Amino acid sequence: MTAAETEVLDKTARETGMMAGKRGIIFGVANERSLAWHCAKYLYEQGADLAFTYQGEALEKRIMPLAEKVESEFVEMCDLGDDAQIDKVFDKLSKKWDSLDFLVHAVAFANKEDLEGHYVNTTREGFRLALDVSCYTLTAVTNRALPMMKDGGSVITLTYYGAEKVVPHYNVMGVAKAALESSVMYLAADLGEKNVRVNAISAGPVKTLAAMGIAGFRDMLKLVEQKAPMKRNVEADEVGKTALYLASDLSSGVTGEVIHVDCGYSILGM
């Protein structure tokens with residue numbers, strides 16, 4: 001098959017895909033390994049039009065080529081710790097699009113020193129930063145997206161098993177993710193009557209830029225591979241496929257859920 005024939009097939013697939021005519025914004029793509037990027041790929045392949053934001057100028061060179069691959073015409077810098085920047089992004093987006101169908105929130109951060117040693121040594125500032133970036137930002141962007149979700153929509157965030165059980169070196173991030181999962185339920189209760197669904201994907205460990213900053217991460221991968229019922233680690237594409245399900249009409253009756261995509265590791269007691 002020639003490149004031209006492949007391009008025609010890809011275009012046809014997008015025009016007839018389950019996300020054809022849908023529009024969404026994705027927060028948290030850092031590079032091609034990001035779970036947010038794998039979500040973006042599957043949404044694009046099924047016809048969605050995508051908007052992106054990136055954290056700072058250092059990431060711009062990484063994000064722009066990726067945005068071009070999925071024909072995105074909206075890429076803006078946005079520090080989610082700054083309400084004014086969030087307002088500016090949604091103001092620009094509302095002038096480009098008259099509606100929004102889905103939002104993917106894949107944003108988390110904690111100081112490196114707070115992911116080492118013992119949780120009891122977490123500083124007040126470290127705690128505040130982790131909870132603000134990793135949890136509150138979901139509420140902040142959902143609040144701004146609501147006026148554009150005129151016919152309902154889907155909000156998706158990413159979490160991890162460290163929200164439910166103690167995972168070595170996850171520390172304050174586990175506490176932040178627990179708060180994030182609680183936020184998913186409260187937002188789902190608030191927004192259900194508006195036909196806006198809010199769900200989280202609890203992904204198993206995947207080699208991303210953020211994950212590699214966790215001490216002992218490689219040991220974590222080995223342990224999951226040994227213990228998980230499927231005897232392997234989850235692939236980033238499997239997380240992307242789940243995001244596609246949650247963003248699409250296939251999940252029209254699903255809200256307030258945390259869906260584990262971890263090869264079954266979270267079901268184990270020992």
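The values are calculated or read from the model by the stated rules, or taken from the named source; none is laboratory data. Quick caveat, the model's predicted, so the values are computed rather than measured. So basically every Cβ, Gly included, is an ideal-geometry build from the backbone, and we count neighbours across all protein chains shown. These accessible areas exclude ligands, DNA and RNA; they are computed on the full protein's heavy atoms, side chains included. Shrake-Rupley method; radii C 1.70, N 1.55, O 1.52, S 1.80 Å.
Could you tell me whether any residue of the stretch 69-84 is outside any helix (DSSP H, G or I), polar (S, T, N, Q) and over 27 Å from Lys150 (Cβ atoms)?
no
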- [ ] Could you check Gly269 against (1) in contact (Cβ under 8 Å) with a residue 12 or more places away in the chain; (2) not in a helix (DSSP H, G or I) and say which number it fails?
- [x] (1)
Open item on the list: Residue pairs, Cβ under 8 Å, 6 or more apart or interchain, first in the stretch 230-241 and within 10 Å of Asp262 (Cβ to Cβ), second aliphatic (A, V, I, L, M) and assigned to a helix (DSSP H, G or I). List them.
Closed with: Asn233/Leu221; Asn233/Val224; Val239/Leu35
Task: Options Leu115, Leu129: the member that is of a type in the set (A, V, I, L, M) and modelled with pLDDT under 95 - done: Leu115
Open item on the list: Of all residues being closer than 22 Å to Tyr245 by Cβ and among the hydroxyl-bearing types (Ser, Thr, Tyr) in the stretch 137-181, which is nearest to the chain's Cα centre (by Cα)? Just the residue, please.
Closed with: Thr157
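Return the residue satisfying two criteria in turn: it lies in the stretch 212-258 and is of a type in the set (Val, Ile, Thr) and over 23 Å from Tyr170 (Cβ atoms), and of such residues it is least open to solvent (accessible area, probe 1.4 Å).
The residue in question is Val254.
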Open item on the list: Looking at Ala140, Ala178, Ala145, can you tell me which residue is surrounded by 15 or more Cβ atoms within 10 Å (Cβ to Cβ) and touching a Leu at 6+ places or on another chain (Cβ under 6 Å)?
Closed with: Ala145
Task: Top-ranked residue in the stretch 225-266 [being of a type in the set (A, V, I, L, M, F, W, C) and not in a helix (DSSP H, G or I); ranked as farthest from Ser34 (Cα to Cα)] - done: Val254
Task: Meets criteria (assigned to a loop (DSSP other than H, G, I, E, B) and either at pLDDT 95 or above or touching a Gly at 6+ places or on another chain (Cβ under 7 Å) (or both)) for Ser94 - done: no
Task: Count - residues of the stretch 159-175 that are out of contact with any Ser or Thr (no Cβ under 6 Å at 6 or more places or on another chain), open to solvent by less than 30 Å² (accessible area, probe 1.4 Å) and part of a helix (DSSP H, G or I) - done: 5
TODO: Provide a single number: the residues in the stretch 98-114 that are under 30 Å from Ala247 (Cβ atoms) and surrounded by 16 or more Cβ atoms within 10 Å (Cβ to Cβ).
DONE: 11
Task: Lone unmet requirement of (1) farther than 25 Å from Thr242 by Cα; (2) surrounded by 14 or more Cβ atoms within 10 Å (Cβ to Cβ); (3) in contact (Cβ under 8 Å) with a residue 60 or more places away in the chain for Gly126 - done: (3)
TODO: Filter the stretch 190-211 down to residues that are of a type in the set (A, V, I, L, M, F, W, C) and at pLDDT below 90 and give me whichever is most open to solvent (accessible area, probe 1.4 Å).
DONE: Leu209
- [ ] Go through the stretch 1-27 and give me each residue that's at pLDDT 95 or above and open to solvent by 10 Å² or more (accessible area, probe 1.4 Å).
- [x] Gly17, Met18, Ala20, Gly21, Lys22, Arg23
- [ ] Output the number of the condition that Leu59 fails; it satisfies all remaining conditions of (1) open to solvent by less than 50 Å² (accessible area, probe 1.4 Å); (2) modelled with pLDDT of 95 or more; (3) assigned to a helix (DSSP H, G or I).
- [x] (2)
